[in-house]
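S.K.: Before anything else, here's the structure in question.
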Amino acid sequence: MLETARFFHQFAALLNAGIPVQQSLGMAGRDCSANLQRSLKEASLKVEAGHELADALKTRSPYFDTWTIALIRSAEYSGALAETFERLAIAAETQHRRQKLYNAVMVSAVIIAFAGVALLIALITRSTAFVFQPVFWVLVAIVAVGLLLKGHLSAIIGAGARQQFMATVPFLKGIAEARSLLYFTELELPLRCGVPLLQALELLRSHIPDVELQKSLTIASRQIQAGKTLSQSMTVKLPPLALQMLRTGEETGNVDAMLSKLAVYYESDLERKLKQLQATLQPLGILAAGALVLLIGMQAVTSMLKALPG
């Protein structure tokens, strides 16, 4: 993700310097991985052969998804290519920073759950002998591998399923709401690229994993076609602050700018909520793991004392 962001930044800087697209593709991303460099080289050859940039980057590589390609295609027609790449870079960096917080919270939660289950088993059986069984360590290994492969597991489970689960858990509901609003603010990118509102809503709907927001966007599209504004069509879904800012953007003709401000606000709100959750979970994880180690130690000392003669 950071690698792609670095390429986006470099490519935008080269375009702003007046260097042609084909030459910029050849110069940007030189410090990136061999796979990305190979994709960029292929794209450069396609652009040289007369292909548009979006078509040239539309490969099977994981670096440029459908959303990114659609934005690049729109930016080519609107003449906002450099600005779009810069915003894509910022979005990728923000997502990476957010993902690190998600991962920290997830690791703490797994430690608490694992240590909690182990403590419960130890208290029920009045023994920690299971800790020294191969099955226990196989389970530990499975959990560790699961954490290492969390990206692949997330793809299997689906972001939409995770979002729905979070929305049903009381202390995660605020995080789910902030995430949902951040998904909505991504509408700024296609609008800034000159994509018409209805087309931008459809593009966003196919991009986000939030199922409930997808339904709201579908309804909003129908209502906009019937003559309503975006703020009127999203009244049920958006909180008062977001609605007020959206109305202001519609009145001034700067919806994309207001969405950008909303994104900054809710990104800060989400980061604060995640840090608060992490600050709560981390000590609990340490206490749970410490309690388990203490219990094992006490039972080991007790066993040794019992084994002494007399």
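S.K.: Output the residues belonging to region 253-310 that are surrounded by 11 or more Cβ atoms within 10 Å (Cβ to Cβ) and among the polar types (S, T, N, Q).
M.R.: Within region 253-310, Asn254, Ser260, Ser268, Gln276, Gln278, Thr280, Gln282, Gln299, Ser303 meet the criteria.
S.K.: Count, please, the residues in region 72-89 that happen to be without any contact (Cβ under 8 Å) to a residue 60 or more places away in the chain and within 22 Å of the chain's Cα centre (by Cα). Full working, then the answer.
M.R.: Step one: filter region 72-89 for residues without any contact (Cβ under 8 Å) to a residue 60 or more places away in the chain, giving 72-73, 76, 79.
Subset that is within 22 Å of the chain's Cα centre (by Cα): 72.
Counting residues in region 72-89 that are without any contact (Cβ under 8 Å) to a residue 60 or more places away in the chain and within 22 Å of the chain's Cα centre (by Cα) gives 1.
S.K.: Here is a check on your reading of the model: is Arg98 charged (D, E, K, R), more than 30 Å from Gln199 (Cβ to Cβ) and modelled with pLDDT under 85?
M.R.: Numbers: charged (D, E, K, R): yes; more than 30 Å from Gln199 (Cβ to Cβ): no; modelled with pLDDT under 85: yes.
Answer is no for this residue.
S.K.: Hey, another quick one. Pick from Leu88, Leu71: which is touching a helix residue (DSSP H, G or I) at 6+ places or on another chain (Cβ under 7 Å), within 14 Å of Arg6 (Cβ to Cβ) and either at pLDDT 90 or above or outside the structural domain of Gln276 (by the TED database) (or both)?
M.R.: Working: Leu71 fails: within 14 Å of Arg6 (Cβ to Cβ).
Criteria check complete, one pass: Leu88.
S.K.: Across region 222-249, what is the total count of residues that are over 25 Å from the mean Cα position of the chain (by Cα) and either farther than 22 Å from Glu267 by Cα or touching a residue at least 60 places away in the same chain (Cβ under 8 Å) (or both)?
M.R.: 10
S.K.: Same structure again: I'd like the full set of residues that are hydroxyl-bearing (Ser, Thr, Tyr), under 18 Å from Glu86 (Cα atoms) and either in a loop (DSSP other than H, G, I, E, B) or over 23 Å from the mean Cα position of the chain (by Cα) (or both), limited to region 14-71.
M.R.: Ser24, Tyr63, listed by residue number.
S.K.: Another one. Does any residue of region 262-277 turn out to be touching a helix residue (DSSP H, G or I) at 6+ places or on another chain (Cβ under 7 Å), within 29 Å of Leu172 (Cβ to Cβ), polar (S, T, N, Q) and in a helix (DSSP H, G or I)?
M.R.: no
S.K.: A further question follows. When Cys193 is evaluated against the numbered criteria (1) surrounded by 15 or more Cβ atoms within 10 Å (Cβ to Cβ); (2) over 17 Å from Ala75 (Cβ atoms); (3) in contact with a Leu (Cβ under 9 Å, 6 or more places away or on another chain); (4) modelled with pLDDT under 85, which criterion, by number, is the only one it fails?
M.R.: Going through the list (1) surrounded by 15 or more Cβ atoms within 10 Å (Cβ to Cβ); (2) over 17 Å from Ala75 (Cβ atoms); (3) in contact with a Leu (Cβ under 9 Å, 6 or more places away or on another chain); (4) modelled with pLDDT under 85, Cys193 breaks only (2).
S.K.: On to the next question. Checking Lys237 against (1) crowded, with 17+ Cβ neighbours inside 10 Å; (2) in a helix (DSSP H, G or I): exactly one of these is not met. Which one?
M.R.: Checking Lys237 against (1) crowded, with 17+ Cβ neighbours inside 10 Å; (2) in a helix (DSSP H, G or I), the one that fails is (2).
S.K.: Okay, moving on. When the residues of region 125-141 are narrowed to those that are closer than 13 Å to Leu295 by Cα and of a type in the set (Val, Ile, Thr), which ends up modelled with the lowest pLDDT?
M.R.: Filtering region 125-141 down to residues closer than 13 Å to Leu295 by Cα leaves 125-131.
With of a type in the set (Val, Ile, Thr) added as a condition, the list becomes 125, 128, 131.
On the way: Thr125: 76, Thr128: 68, Val131: 65.
Only one residue fits best here, namely Val131.
S.K.: From the list Ala34, Ala113, Ala49, pick out the single residue that is surrounded by fewer than 14 Cβ atoms within 10 Å (Cβ to Cβ) and under 30 Å from Thr280 (Cα atoms). Walk me through how you get there before you give the answer.
M.R.: Details: Ala34 fails: under 30 Å from Thr280 (Cα atoms); Ala49 fails: under 30 Å from Thr280 (Cα atoms).
Sole residue among the options that is surrounded by fewer than 14 Cβ atoms within 10 Å (Cβ to Cβ) and under 30 Å from Thr280 (Cα atoms): Ala113.
The values are calculated or read from the model by the stated rules, or taken from the named source; none is laboratory data. Only a predicted model underlies this, so the values are computations on that prediction, with no experimental measurement involved. In this analysis, Cβ positions are derived from the backbone assuming ideal geometry, glycine residues included, and neighbour counts consider all displayed protein chains.
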